[in-house]
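Report on the following structure.
The values are calculated or read from the model by the stated rules, or taken from the named source; none is laboratory data. All values derive from a computational prediction rather than experimental measurement. Cβ placement follows ideal geometry from the backbone for every residue including glycine, while neighbour counts extend to all protein chains displayed. Remember, those area values only see protein heavy atoms, side chains included, never the ligands or the DNA or RNA. Shrake-Rupley method; radii C 1.70, N 1.55, O 1.52, S 1.80 Å.
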Amino acid sequence: MLTAAQYEESLRRLNLTVYMFGKRIENVVDDPIIRPSMNAVAKTYDLAHQPEHEDIMTATSHLTGNKINRFTHIHQSIEDLVKKSKMGRLLGRETGCCFQRCVGMDTLNALSIVTFNIDRKYGTEYNKRFLKYLEYVQNNDLTCDGAMTDPKGDRGLPPHEQSDADQYLHVVEEKKDGIVVRGAKVHQTGAVNSHEIIVMPTISMREDDRDYAVSFALPSDAEGILYIMGRQSCDTRKLEGQTIDRGNLLFGGHEALVVFDDVFVPWERVFMYREYDFVGQLVEIFAAYHRQSYACKVGVGDVLIGAAQIASDYNGVSKAYHIKDKIVEMNHLNETLYTGCIACASEGHREPSGTYNVDVLLANVHKHNVTRFPYEIARLAQDIAGGLMVTMPSDADLRSPETGKWINKYLRGRSEIPTENRMRILRLIENITLGTAAVGYLTESMHGAGSPQAQRIMISRRMNMQEKERAAKKLTGIVDE
Ligand SMILES: Cc1cc2nc3c(=O)[nH]c(=O)nc-3n(C[C@H](O)[C@H](O)[C@H](O)COP(=O)(O)OP(=O)(O)OC[C@H]3O[C@@H](n4cnc5c(N)ncnc54)[C@H](O)[C@@H]3O)c2cc1C
Ligand code: SF4
């Protein structure tokens, strides 16, 4: 297993093509905007070496018997699934943001199931290829970007009917030794902090879409791949040094638009090729795993609730009844989220490939709650924080000889608490509910792993209405009609 320092060094060896603010970034690792997101992924390496977190953060490879980072593990039991949820909460709490490495883990697990199922139907060798690739990932402790979401163009049309054929990533050429692909993946979490990118289709497909039914893995710096960084609210505060205006001084997330400009993929890295009838299964299984992964939001919720409690204390109102009640409500919502990700893991099952999968209905219910509860927790945190959270002068004004004394005097809450501490905690609440971390805590809660309607569709497919009607009829004496 790599240490955090070794992970950082391994990223320095990559030759990524990255653009941000209209310029090519030569040194991605040390770029002040990107660096906090690298720190967050590095935490997934760091905690795996800490004895108190070893049980949650590491696992035993079912391929080699070696101790590996859980982010590269294929779940072998319900216990593994439960530990995955606990790992998400732990890291969310440690970083206060998106730590990015889960999408790749969920992709690996989904492919371990679906490649096996394709082989059973078609006699192909995808699972063998995949397991070889997995061993490489595990042995080198790699971070993988899980790339599902296509730009999608006109959402009312399937891939083959788009006016621009590249709106969904597709195969443009078949060669003796592999395929050439073209297209893009949008919103890619942690893309430039990843060693590998693993591509999957984004929606169910029919025969006409078979050129779009493709899954493969590539090194993140493969020729023809380029990254255009997304920007986040308040991102340029990171250019101001370690000022308290950043809220979270250490960690952050990032997303990027990833372009595949006619990229060659060798056959040994292709895990699905034109089996359009398995695309729906891959999307559904990946989505369920990733919806479970939103345990991360519980950990970020822990940080936000802690910050709200401190803000109330610095204000001198922590003992007020309504404040205590709001803190209870925030905890109630946050722990309800936790029950969802633990429940879908505890009710998991073994797939024919041997991989353990979550309960799909409960994973969708959990993620659907995630599309709502963090918004309410954020609303309550803003209520408790007070308006200063958004009207406060800058760190520079606090340090200035002309203005510092006024800020110290007039922005103080309880007299024994330094004004600076009050400012720091309010900036953290701002960061999570309005700033860079709100990308992960709010909008990603809404759309990441699928927008709310995607979960409602899955819930409508999986809810057992016959059983419910049967139970009602039985109690009322209605005999079969
Ligand atoms: C911060 C963040 C990080 C992400 N990270 C990743 C990642 O690492 N990897 C990855 O692959 N993806 C990632 N995603 C993508 C995520 O899965 C998508 O945002 C999600 O699937 C929704 O797609 P969209 O953003 O294109 O929204 P849209 O498709 O534009 O949806 C907008 C609205 O239109 C509705 N809609 C869309 N299509 C239809 C239709 N056909 N019929 C009716 N209504 C429709 C939706 O329900 C929604 O209400 C991330 C997203 C975010 C916000
Ligand atoms: S949003 Fe959560 S589950 Fe998704 S990559 Fe970030 S930390 Fe992991």
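For the range 26-112, what is the accessible area per residue in Å², given a 1.4 Å probe and the full set of protein chains?
Here the per-residue accessible area is 30 Å².
Quick one: helix 321-346 against the long Cα principal axis of the chain, what's the angle to the nearest 10°, folded into 0 to 90?
Approximately 20 degrees, to the nearest ten.
Taking the solvent-accessible surface of protein heavy atoms with a 1.4 Å probe, what is the per residue accessible area of the range 202-248 in Å²?
Ligands and nucleic acids excluded, the result is 45 Å² per residue.
Which distance in nm do the two modelled labels at Ser400 and Met465 give, with both placed 7 Å along the Cα-to-Cβ direction?
Computed distance between label sites Ser400 and Met465 equals 6.3 nm.
Of the accessible area of the range 22-97, with the probe set at 1.4 angstrom, what percent is carbon plus sulfur?
45
First compute the accessible area of the range 349-481 with a 1.4 Å probe, then give the percent of it belonging to carbon and sulfur atoms.
Percent of accessible area from carbon and sulfur atoms in the range 349-481: 55.
Mind ordering 111-117, 181-187 by average Cβ neighbours within 10 Å, highest first?
Going from most to least packed, we get 111-117, 181-187.
Show the residues, 5+ positions off or on another chain, whose built amide H is closer than 5 Å to the amide H of Met272.
Close amide H contacts, sequence-distant or interchain: Ser215.
For a Förster distance of 51 Å, can you work out the FRET efficiency between the beta-carbons of Val180 and Ile417, rounded to the nearest 0.05?
0.25
So how long is each side of the range 50-90 along the principal axes, counting just the alpha-carbon atoms, biggest first, in Å?
Largest to smallest, the principal-axis extents are 27, 22, 13 Å.
Separation of the range 220-285 and the range 132-186 by C-alpha centroid, Å?
First find each Cα centre; the distance between them is then 12 Å.
With 42 Å as the cut-off, how large is the P(r) tail for the chain, expressed as percent of Cα-Cα pairs?
That fraction is 19 percent.
Could you state the accessible area per residue of the range 138-188 in Å², with a 1.4 Å probe and every protein chain left in place?
44
Provide His62, His75, His447 ordered by accessible surface of protein heavy atoms (probe 1.4 Å), highest first.
Final ranking, largest accessible area leading: His447, His62, His75.
Quick one: which residues, 5 or more positions from Gly253 or on another chain, have an amide H under 5 Å from its amide H? H modelled 1.01 Å from N in the peptide plane, none for Pro or chain starts.
Residues meeting the criterion, in which the H sits 1.01 Å from N, are Cys98.
Just to check I understand the Karplus step: with θ = phi - 60° and J = 6.51 cos²θ - 1.76 cosθ + 1.60, what whole-Hz values come out for the range 154-161, glycine and proline as x?
Computed from phi, the couplings for the range 154-161 are 7, 5, x, 10, x, x, 6, 9 Hz.
Find the Cα radius of gyration of the range 378-441, compare it with 2.2 N^0.38 Å by division, and give the number to two decimals.
1.16
Hey, quick one: spin label on Asp262, modelled 7 Å out along Cα-Cβ, who in the range 208-223 has an amide N within reach, i.e. under 16 Å?
Zone members listed by number: 223.
Would you mind calculating the gained length between Arg350 and Val328 on full extension (0.36 nm times residue separation, minus the Cα-Cα distance), in nm to one decimal?
Net length gain for the segment: 4.2 nm.
What is the P(r) of the range 306-371, as percent of Cα-Cα pairs per 10 Å bin from 0?
Taking every Cα pair in the range 306-371, the percentages come to 20, 31, 22, 16, 8, 2.
So, R0 is 22 Å and r is the distance between the beta-carbons of Asn408 and Tyr321; what FRET efficiency does that work out to, to 0.05?
The pair Asn408/Tyr321 has a calculated efficiency of 0.10.
Order Asp395, Asp313, most accessible first, counting only protein heavy atoms with a 1.4 angstrom probe.
The ranking, largest first, comes out as Asp313, Asp395.
How would you order 127-139, 267-279 from highest to lowest mean count of nearby Cβ atoms within 10 Å?
Top to bottom by mean Cβ count within 10 Å: 267-279, 127-139.
So what's the back-of-envelope 222 nm ellipticity for the chain, counting only DSSP H runs of four-plus at -39500 (n - 2.57) apiece and dividing by all residues, rounded to 500?
Value at 222 nm, helices only, nearest 500: -14500 deg cm²/dmol.
Along Cα→Cβ, 7 Å out, is where each label goes; now give me the distance between the ones at Glu173 and Gln76 in nm to one decimal.
4.3
Quick one: which residues, 5+ away or cross-chain, put their amide H under 5 Å from the amide H of Thr58? H built at 1.01 Å from N.
Arg70
Using a probe of 1.4 angstrom, how much of the accessible area of the range 179-311 is carbon and sulfur, in percent?
Of the solvent-accessible surface of the range 179-311, carbon and sulfur hold 52 percent.
Using a Förster distance of 22 Å, how high is the FRET efficiency between Arg206 and Tyr122, based on the Cβ-Cβ distance and rounded to 0.05?
Approximately 0.80, to the nearest 0.05.
Does the range 1-156 come out rounded, prolate or oblate, given a ≥ b ≥ c as the square roots of the eigenvalues of its C-alpha gyration tensor, rounded meaning a/c under 1.5 and, failing that, prolate meaning a/b above b/c?
oblate
Considering only Cα-Cα distances, which of the following residue pairs are longer than 30 Å: Lys23/Lys405; Lys297/Lys326; Lys238/Lys409; Lys128/Lys367; Lys326/Lys405; Lys43/Lys367?
Listed pairs above 30 Å: Lys23/Lys405; Lys128/Lys367; Lys326/Lys405.
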